[in-house]
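The values are calculated or read from the model by the stated rules, or taken from the named source; none is laboratory data. This one's a predicted model, so the numbers in the text were calculated from it and none came from an experiment. Don't worry about glycine lacking a Cβ; one is built from the backbone with ideal geometry, like all the others, and counts go over all protein chains shown. Protein only, heavy atoms only, side chains kept; ligands, DNA and RNA dropped before computing areas. Shrake-Rupley method; radii C 1.70, N 1.55, O 1.52, S 1.80 Å.
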Amino acid sequence: MSERVYRSGIVALLGLPNAGKSTLMNALLGENLAIVTPKPQTTRSRILGILNRECSQILLTDTPGVHKGKGALSEAMNEAAAEAAADCDVALLLVDRSKGWRPLHDFLLTHLKEKGTKTFIVGTQADRKECNKMEWPPPGLEGQELCSVSAVRKTGLDELMDQVEACLPEGAPFYPEDQLTDRSQRFLVSEYVREACYRELSQELPYAIAVQVESFDESRDDLIKIAATIFTVRESQKRMVIGKNGSMIRQIGIHARQKIELLLGTKVYLELRVRVDPTWIKKKTRIEKLGYH
C-alpha cells in the first residue's frame, strides 16, 4: 500500500458580508481566531488560520465580505478579498442558504472561473429553519462543486476539508505545526477589543471605530499590561464609547480582556483610551497602518 502524499496550500474563504466565513474558519480550527459578530462587514482584512491535518497543511484565509460600499475602508476590504482570490490554490465561495444566491455571487464565481481557480460553492447556515424555504443548490449551477455545512453543528466540515485537501498541490508545510496564524498577538488583541465594541455598541457606531494597540508590556511573568486606543470619527461617538461615568468603556474592557486572557494564557491588565480621529476612515495609508489590509 503506497503512502499518502503530503499536500499544502492556500484556501480562500470568499463571499458576501455575514456569509459565515469567520465562523467557518473558527469551527475548522477549533479556535476563536477571527472575530465574529451578528453585524455585517465585521472582518476588515485577510486573516490566515493554519489547519494541520494528518497529511496536509491547509492555510485558510478569512476575507472581508465583498460589497458595494464606497470610501477608502470599503475599497481596502474589497481589495483584500480580491487579492485572496488571486493568491489561493482553492476557493470556497460561501453562500448563506437562508438568504439565497445573489448577483454578487455570480460576479465572484465568474472572476474565479476566469482565473481557473478550483472552486467549491459552500452553502452555510444549513442548521437554520429559513434554509428549508430556499432552493439548494441554486438553479444554473449544474456541474459546480457544491456542498452544505453547518459551522454551529459542525456538520459537513470533515467531508469538505477532505475534498479541499485532495485539490491542493503536493508539498511540505509552510508553517510549524504549533502555529495558528501569521498575525501578531498585538493585531489579534486589537481585533478582540473591536469585537467587544461591536457587541456592546449600537448598530451603526462600530463601523466608525478602529483599534490600535499602543503598548504590550510582558516584563512580568504573571501579568501582561496592554494599552490600546479606540478611534472614533466624531466627538459624539467618543462619548457613546465611554458611556455615562465610563460604564460602556468598562463593559467593553471586561469582555475584551476575557478573550485576550484566553489567547495569551495569562492575566491581562487592559487600559483603553478613546480618541477622535476623523481621518482614519478616509486615508488608505492610515487604514493599512491599523492592520486593515
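When you check Asp222 against the structure, is it among the charged types (D, E, K, R), exposed (fewer than 14 other Cβ atoms within 10 Å of the Cβ), farther than 30 Å from Gln57 by Cβ and in contact (Cβ under 8 Å) with a residue 24 or more places away in the chain, yes or no? For Asp222, the condition - among the charged types (D, E, K, R), exposed (fewer than 14 other Cβ atoms within 10 Å of the Cβ), farther than 30 Å from Gln57 by Cβ and in contact (Cβ under 8 Å) with a residue 24 or more places away in the chain - is met.
Yes or no, residue by residue, for (1) in a helix (DSSP H, G or I); (2) under 20 Å from the mean Cα position of the chain (by Cα); (3) aliphatic (A, V, I, L, M):
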position	(1), (2), (3)
Arg199	yes, yes, no
Val211	no, yes, yes
Ser215	no, no, no
Thr229	no, no, no
Arg239	yes, no, no
Gly253	yes, no, no
Ile260	yes, yes, yes
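Does Lys113 qualify as being farther than 17 Å from Met161 by Cα, without any contact (Cβ under 8 Å) to a residue 24 or more places away in the chain and assigned to a loop (DSSP other than H, G, I, E, B)? Considered against the rule, which asks whether it is farther than 17 Å from Met161 by Cα, without any contact (Cβ under 8 Å) to a residue 24 or more places away in the chain and assigned to a loop (DSSP other than H, G, I, E, B), Lys113 comes out as no. Within the range 152-180, the set of residues being within 24 Å of Thr43 (Cα to Cα) and open to solvent by less than 20 Å² (accessible area, probe 1.4 Å) comprises Leu157, Leu160, Met161, Val164.
In this structure, is Leu59 within 13 Å of the chain's Cα centre (by Cα) and of a type in the set (A, V, I, L, M)? Taking the combined requirement at face value, the residue does not satisfy it. For Met77, the conditions (1) part of a helix (DSSP H, G or I); (2) under 24 Å from Pro173 (Cβ atoms); (3) hydrophobic (A, V, I, L, M, F, W, C) all hold with the exception of (2). Look at the range 50-73: where a residue is open to solvent by 20 Å² or more (accessible area, probe 1.4 Å) and assigned to a strand (DSSP E or B) and a partner is among the aromatic types (Phe, Trp, Tyr) and modelled with pLDDT of 95 or more, sitting 6+ places away or on another chain with Cβ atoms under 9 Å, you get Asn52/Tyr175.
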